[in-house]
Amino acid sequence: MISTIGKNVRISIWGGSHEPAIGVDITGIPVGTEIDMDKLTAFLRRRAPGNSIFATRRKEPDIPLPLTGLEPCSIHRSDAVQSDTVSNGDPSGKRMIVTDNTISLEIRNTDTRSADYRALRTVPRPGHADYTARLRYGDSLNMAGGGPFSARMTAPLCIAGGIAMQILERQGITIGGHIYSVADARDEPFDPTAVNADLLNDLKTKDMAVISRSAKLEMQKRIWLAMEDRDSVGGVVEVCGLNIPAGIGGAMYDGLESTLAPLFFGIPAVKGVEFGAGFAATLLRGSQNNDAFYYEGDTVKTRTNNHGGILGGITTGMPLIARLAFKPTPSIAKEQASVDLYRKENTTLRVKGRHDPCVVMRAVPIAEAAMALGLLDCIMEVKR
């Protein structure tokens, strides 16, 4: 199965959780763009499973492997004097050059246990896509590990988003995020007008992307309690983009919010998205929600940032802030009521396998990747 999105930067994600490999085709990255593969691998490592006691026990190295449209920089040494996007060559292959309008990369699945999912072919997991996928695609689709609906498919999303982040970083744009909440335990929110790149970059180095240590301990407690009860919890990720030029986006369906929303909702388990003050704006009057303009030198800014960096679908130059709500992981060991689709009778099940007790623990880089892709897509529209 292939899932495709994007206008100027178009990505097609393919494979399945327990297929031999998963991957992504990316169309629209300018030929000559340099990709730092070590940096991309490090970004994927933040999302990879098996690196925390609060994550699935499945262990995958998640090494991105170029398939087509990429060559080592050393092959293009003569181009280096012509373009500042090309290095003087890297014979190790750690730096690659885009050589075609479409590039492809894959990640090989190395730690699958499909036997854990045999019973689910006829007994769907409550809260999961097992039942609806069967209705839409029939019973031939490989749903082991969640198949194409699995959070495993966010790894190729992070390949594309990680490349987009490298391109944006060269333009001075920083994207970062943190775990805003787990259940009812909440971290300090980003300051909507004063969040800085140092904080965003520091969060990327932490084993758990949280600003407040006390909040981190409370979040871990909520996850532990759910694990002891063979259950799961949900949470919210807050993601931010800094130094984004004003004037990016467009009206209605060309707007940045309209571009970002489907990328965010394509992340498994996301059930809600808000920008700026979001739903809290419904509690304010217009005089409170409106962000007053002022000049700082020759630059127009706003005193507050309830609009989250976007007005009318177009960036204002203020920090771009979004929050993504993730539901509790539906695959839990606690006994649940379901149905047997073969016998056509009610039944119960206990889900086997290795699953995250709280998906937000690994979701921060995924949200960053999605924001980077949407933002790059809109920026390239302006440059056309």
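The values are calculated or read from the model by the stated rules, or taken from the named source; none is laboratory data. Everything quoted here is computed from the prediction, not taken from an experiment. In this analysis, Cβ positions are derived from the backbone assuming ideal geometry, glycine residues included, and neighbour counts consider all displayed protein chains.
The table below gives the values:
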{"read-out": "Within region 308-327, considering residues that are of a type outside the set (A, V, I, L, M, F, W, C), surrounded by 21 or more Cβ atoms within 10 Å (Cβ to Cβ) and under 22 Å from the mean Cα position of the chain (by Cα), the one nearest to D254 (Cα to Cα)", "value": "T315"}
{"read-out": "Meets criteria (at pLDDT 95 or above, assigned to a loop (DSSP other than H, G, I, E, B) and within 29 Å of P330 (Cα to Cα)) for P245", "value": "no"}
{"read-out": "Criterion (modelled with pLDDT under 95 and either among the β-branched types (V, I, T) or on the phi < 0 side of the Ramachandran plot (or both)) met by exactly one of K334, K301", "value": "K334"}
{"read-out": "Unique residue being on the phi < 0 side of the Ramachandran plot, of a type in the set (D, E) and in a loop (DSSP other than H, G, I, E, B) when the list is D198, D191, D202", "value": "D191"}
{"read-out": "Qualifying residue in region 259-276 (condition: among the charged types (D, E, K, R) and surrounded by 23 or more Cβ atoms within 10 Å (Cβ to Cβ))", "value": "no"}
{"read-out": "Meets criteria (buried (at least 19 other Cβ atoms within 10 Å of the Cβ), at pLDDT below 95 and under 30 Å from L135 (Cβ atoms)) for T348", "value": "no"}
{"read-out": "Unique residue being outside any loop (DSSP other than H, G, I, E, B), over 28 Å from R10 (Cα atoms) and at pLDDT 95 or above when the list is E218, E274", "value": "E218"}
{"read-out": "Output for region 223-247, where each listed residue is of a type outside the set (D, E, K, R) and either more than 15 Å from I321 (Cβ to Cβ) or without any contact (Cβ under 8 Å) to a residue 24 or more places away in the chain (or both)", "value": "I223, W224, L225, A226, M227, S232, V233, G234, G235, P245, A246, G247"}
{"read-out": "Residue satisfying condition, being polar (S, T, N, Q) and within 25 Å of D191 (Cβ to Cβ), within set T347, T302", "value": "T302"}
{"read-out": "Single unsatisfied condition, G127 versus (1) among the small types (G, A, S); (2) surrounded by 19 or more Cβ atoms within 10 Å (Cβ to Cβ); (3) within 21 Å of V359 (Cβ to Cβ)", "value": "(2)"}
{"read-out": "In region 151-163, residue surrounded by the most Cβ atoms within 10 Å (Cβ to Cβ) [restricted to those that are under 12 Å from the mean Cα position of the chain (by Cα) and hydrophobic (A, V, I, L, M, F, W, C)]", "value": "I159"}
{"read-out": "Top-ranked residue of region 277-305 - restricted to ones that are part of a loop (DSSP other than H, G, I, E, B) and within 19 Å of M371 (Cβ to Cβ), ranked as nearest to the chain's Cα centre (by Cα)", "value": "A277"}
{"read-out": "Given (1) crowded, with 20+ Cβ neighbours inside 10 Å; (2) of a type in the set (A, V, I, L, M); (3) closer than 30 Å to F265 by Cα; (4) at pLDDT 95 or above, number of the condition M96 does not satisfy", "value": "(3)"}
{"read-out": "Pairs with Cβ under 9 Å, 6+ apart, first in region 125-153 and farther than 28 Å from P365 by Cβ, second in a helix (DSSP H, G or I) and of a type in the set (D, E, K, R)", "value": "R134/R121; D139/R121"}
{"read-out": "Of all residues making up region 174-215, the number that are over 19 Å from the mean Cα position of the chain (by Cα) and modelled with pLDDT under 95", "value": "0"}
{"read-out": "Any hit, region 288-297, residues being crowded, with 20+ Cβ neighbours inside 10 Å and closer than 25 Å to N201 by Cβ", "value": "no"}
{"read-out": "Wholly enclosed strands (runs of 3 or more DSSP E) of region 3-45 bearing at least 3 residues over 27 Å from T205 (Cβ atoms)", "value": "10-15, 21-27"}
{"read-out": "Total residues in region 313-368, condition of a type in the set (F, W, Y) and part of a strand (DSSP E or B)", "value": "1"}
